[in-house]
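Participant: My structure is below; once you've seen it, I'll send some questions.
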Amino acid sequence: MNSEEFVKLYTRQGSDESITAFQNEMGFSLIRFYPKNTPYFKDGRRMFIKIAVLDRGFFYSVEMTRPEKEGEKTSYIITEREGYKRKVTNFFSDASEFTFDNATQKVNHQLSSKSFTMNEFVEILVANHLSDRLFFKRILNELANRVLKFLFWLSDARYERIQTAIDKYHYGKGENPPPKDEKKNIEPFFKYFYISKNILFAILLVTFPSAIFFGHLWAYGDFSLSNLSLLLLFFLILFSCEKFSTWLDKKIKEFLIPSKDHFAEKKINFIEKLHDYQYNNKFNLKLNIRNRQRVDNAEEK
């Protein structure tokens, strides 16, 4: 079966704007209008659907795009959907959930062993795209992002998900020099404890109000600077802050600047795991999810 024959497995629908067979691969791309009562339709957005049978498996993807005309040619720019109150879900396959059977000319679902015609499969893709499949994942991603921002702030650094990923890529390839390890970001407290300024600030922010409101509960002598137990606890806290500061700074550097030792086993620290978690948005497609056009019509009324 060639690409032209593969396209014929799909019957064009009224909501389809165009369908194009791939040149060098068995597959096609489909441009489809959004349901008329959605804000995506009113803004001129389009669904960009790609389906192909490749050497590495059965491939598909659905993304929101914005058409741009350049003379007689129209290009489709993949867009973010963050500006909309109701989200859609862009996604692509990893060639593990569905397969294409050349004999039956149907798409097989590996987990349920169900088979679908090409039109039925396209409707499954569209329905999943129109549903906010990443609602809870976005909340977890935001939580991971806030934790990373706080950890970087404690180390007197700044974390921005996209920019940090770009910097990490350039540092790894040696294209940009990594930031210098300057002592100006470390507070030489009493010239003995090297503590990140924000860690010191956070500790003081917690200890001073605690001392004011809970000092009367201190059960080990007078709550004053003349109390040796209190002084010992104070310096123990400083020592712990120094250890935490140097440990956190080391973990951030290991995350941003990978080791050049090819023989050393790579250890993924918790910062890299949190960072990578935000990019892992995989989910299994729902087979019985309904197209949301009826819901959109009801809410519009």
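The values are calculated or read from the model by the stated rules, or taken from the named source; none is laboratory data. Values in this document were obtained by computation on a predicted structure and should not be read as measured data. Quick reminder, even Gly has a Cβ in these numbers, built from the backbone with ideal geometry, and neighbours come from all protein chains shown.
Participant: Looking only at segment 18-35, which residues are modelled with pLDDT under 95 and of a type in the set (D, E, K, R)?
Facilitator: Answer for segment 18-35, where residues must be modelled with pLDDT under 95 and of a type in the set (D, E, K, R): just GLU25.
Participant: Do any strands (runs of 3 or more DSSP E) entirely within segment 1-88 hold 1 or more residues that are within 26 Å of the chain's Cα centre (by Cα), and if so, which? Working first, answer last.
Facilitator: Working: elements: 16-21, 26-33, 46-54, 57-70, 73-78.
Because the criterion is at least 1 residues that are within 26 Å of the chain's Cα centre (by Cα), the strands (runs of 3 or more DSSP E) in segment 1-88 that meet it are 26-33, 46-54, 57-70, 73-78.
Participant: What number goes with the only condition from (1) buried (at least 17 other Cβ atoms within 10 Å of the Cβ); (2) outside the structural domain of ARG158 (by TED's automatic domain parsing) that ASN145 does not pass?
Facilitator: Tallying (1) buried (at least 17 other Cβ atoms within 10 Å of the Cβ); (2) outside the structural domain of ARG158 (by TED's automatic domain parsing), ASN145 fails exactly one: (2).
Participant: Taking interchain pairs and intrachain pairs at least six residues apart, which have beta carbon atoms under 6 angstrom, with the first residue in segment 137-159 and free of Cβ contacts under 8 Å to residues at least 24 places away in the same chain and the second among the aliphatic types (A, V, I, L, M)?
Facilitator: Between residues of segment 137-159 that are free of Cβ contacts under 8 Å to residues at least 24 places away in the same chain and residues that are among the aliphatic types (A, V, I, L, M), the close pairs are TYR159/LEU148.
Participant: Sticking with this structure for a sec: Kindly list, by first and then second residue, each pair from a residue in segment 229-240 that is within 16 Å of SER196 (Cα to Cα) to a residue that is surrounded by fewer than 12 Cβ atoms within 10 Å (Cβ to Cβ) and of a type in the set (A, V, I, L, M, F, W, C), limited to pairs with Cβ atoms under 9 Å and residues at least 6 apart or on different chains.
Facilitator: LEU238/PHE190
Participant: Sticking with this structure for a sec: Being closer than 19 Å to THR117 by Cβ and in contact with a Lys or Arg (Cβ under 8 Å, 6 or more places away or on another chain) is the filter here, so list the residues in segment 14-27 that pass it. Full working, then the answer.
Facilitator: At the first step, the residues of segment 14-27 found to be closer than 19 Å to THR117 by Cβ are 14-16, 19, 21, 26-27.
Listed by number, the residues that qualify are SER15, ASP16, ILE19, GLY27.
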